[in-house]
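One structure is given below, encoded as structure tokens.
The values are calculated or read from the model by the stated rules, or taken from the named source; none is laboratory data. Everything numeric here is computed off the predicted structure, so don't read it as measured data. Methodologically, a virtual Cβ is constructed for each residue, glycine included, from the backbone with ideal geometry; neighbour enumeration extends over all protein chains shown. Just the protein is used for accessible areas: all its heavy atoms, side chains included, with ligands, DNA and RNA removed. Shrake-Rupley method; radii C 1.70, N 1.55, O 1.52, S 1.80 Å.
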Amino acid sequence: MTIREVSCEYGISQATLRYYERVGMIPPVTRADSGNRDYQKKDLEWVELVKCMRGAGLTVEAIIKYVRLCQVGDSTIKDRLELLEGQRELLLAQREQIDTAVTRLNHKISRYEEAARTGVLTWDSDHGGDSCLE
């Protein structure tokens, strides 16, 4: 596949794909005889991995480290496992923060829904007074 095709297929700009390769987030892409990038199945698997890892919140640096470890081979399995476990812990902490925020928003929404029905905005007594900060 050409870089243009990969860009369209994965919703990643051509400049971003070049950046991923330049900084080591994906290994060097297969090249055609003309020198143009010719993404093969293994190249696309790296693009998919990076897209997934970025979506999971991994930093560019963590992805570069992971790719380098993969390229070294099986002697780095433990290091890769530790990197992924560390990222999982970060994501779980983020999820907890998000869950807390969603719970608070749900409470506020319920109070505003009630106010929209009754014309009176009230807050539970355990949350203090009548405040937008509740």
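Length gained on full extension, Gln94 to Lys42: 15.6 nm, using 0.36 nm per residue less the C-alpha separation. Modelled spin-label separation between Arg68 and Lys51, with each label point placed 7 Å from Cα along the Cα-to-Cβ direction: 2.6 nm. Using Cβ point charges alone (K and R +1, D and E -1), the dipole size of the range 1-43 about the Cα centre works out to roughly 100 debye. Averaged per residue, the range 1-126 has 68 square angstrom of accessible surface, using a 1.4 angstrom probe with ligands and nucleic acids left out. Among the listed options (i) 12, 42, 31, 10, 4, 1; (ii) 13, 47, 35, 4, 0; (iii) 10, 28, 19, 14, 14, 11, 3, 0, the one matching P(r) over Cα pairs in 10 Å bins from 0, in percent as calculated from these coordinates is (iii).
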